[in-house]
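One structure is given here, and the rest of the page talks about it.
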Amino acid sequence: MSEAGQARPGTDAGGDGGDANLGREVVTAEQLRTRVAELGAEITRDYAGRAPLLVGVLKGAFMFMSDLSRAIDLPVEFDFMAVSSYGSATRTSGVVRIIKDLDLDLTGRDVIVVEDIVDSGLTLNYLRRNLMARGPASLEVCALLLREGLQKTDTDLRYIGFTIPPAFVVGYGLDVAERYRNLDAIVEYVGT
Ligand code: 5GP
């Protein structure tokens, strides 16, 4: 496995004069591995004897969900939603449109929403209300990243990977214009 700091696939951003749009590493690949394993163990304990349904929010959560699910020692099931928020490229407005809805019925299910990053919390707030209306037995949220101090709503996150400072980040599923999702670390985006 590659270590943080070495050149990464697709970007050559390992601090060796690669992509000028990328700044410092905010969360290293090693830190991601450790924390995802911890979150998986926590979920395994909390949901013992149950079969939670992981609901991934596309596209940003796909890599986190993939690794997280393999760290959960339970018969999990998967579904995905895709949402798009109206607003500028790097700021959400809170108006959310469902691009792809779930395939499965949530009635009576123990749902864990898997999110990449919670910034204002507006996207999650919308999702929570939308999914709660479908009658799940329980609904919790597992967010890989929480941006420090910017939440406009009470986010009520059961599982949080890392709290990060207010910089725009890419990697490990997170993009800018579909790029950088395959970085194995969370990296500050300093481009325009
Ligand atoms: P919120 O509604 O909480 O303000 O925004 C959440 C969504 O905005 C995330 O699911 C993600 O799609 C996008 N987002 C927020 N911050 C970042 C960031 O630093 N990098 C990337 N790539 N997307 C972000």
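The values are calculated or read from the model by the stated rules, or taken from the named source; none is laboratory data. Note that this is a predicted model, so its numbers are computed, not measured. All Cβ positions, even for glycine, are placed from backbone atoms using ideal geometry, and neighbour counts span all protein chains on display.
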Out of (1) within 11 Å of the ligand (Cβ to nearest atom); (2) at pLDDT 95 or above; (3) not basic (Lys, Arg), the odd one out for Leu102 is which?
-> (1)
State all residues of the range 22-54 that are under 19 Å from Arg109 (Cα atoms) and not in a helix (DSSP H, G or I); if no residue qualifies, say none.
-> Tyr47, Ala48, Gly49, Arg50, Ala51, Pro52, Leu53, Leu54
Within the range 58-87, tally of residues that are touching a residue at least 40 places away in the same chain (Cβ under 8 Å) and not hydrophobic (A, V, I, L, M, F, W, C) = 2
Which residues, counting only those in the range 38-52, are more than 12 Å from Phe162 (Cα to Cα) and touching a Leu at 6+ places or on another chain (Cβ under 9 Å)?
-> Gly40, Ile43, Thr44, Tyr47, Ala48, Gly49, Arg50, Ala51, Pro52
When the range 55-74 is checked residue by residue, the ones that are more than 16 Å from the ligand (Cβ to nearest atom) and either touching a helix residue (DSSP H, G or I) at 6+ places or on another chain (Cβ under 7 Å) or part of a loop (DSSP other than H, G, I, E, B) (or both) are Asp67, Ala71, Ile72, Asp73, Leu74
For residues that are more than 8 Å from the ligand (Cβ to nearest atom) and at negative phi, tally how many sit in the range 165-192.
-> 14
Can you give me the number of residues within the range 93-115 that are at positive phi and either touching a residue at least 40 places away in the same chain (Cβ under 8 Å) or in contact with a Cys (Cβ under 9 Å, 6 or more places away or on another chain) (or both)?
-> 1
So Val113 fits all but one of (1) more than 13 Å from the ligand (Cβ to nearest atom); (2) more than 18 Å from Val169 (Cα to Cα); what number is the exception?
-> (1)
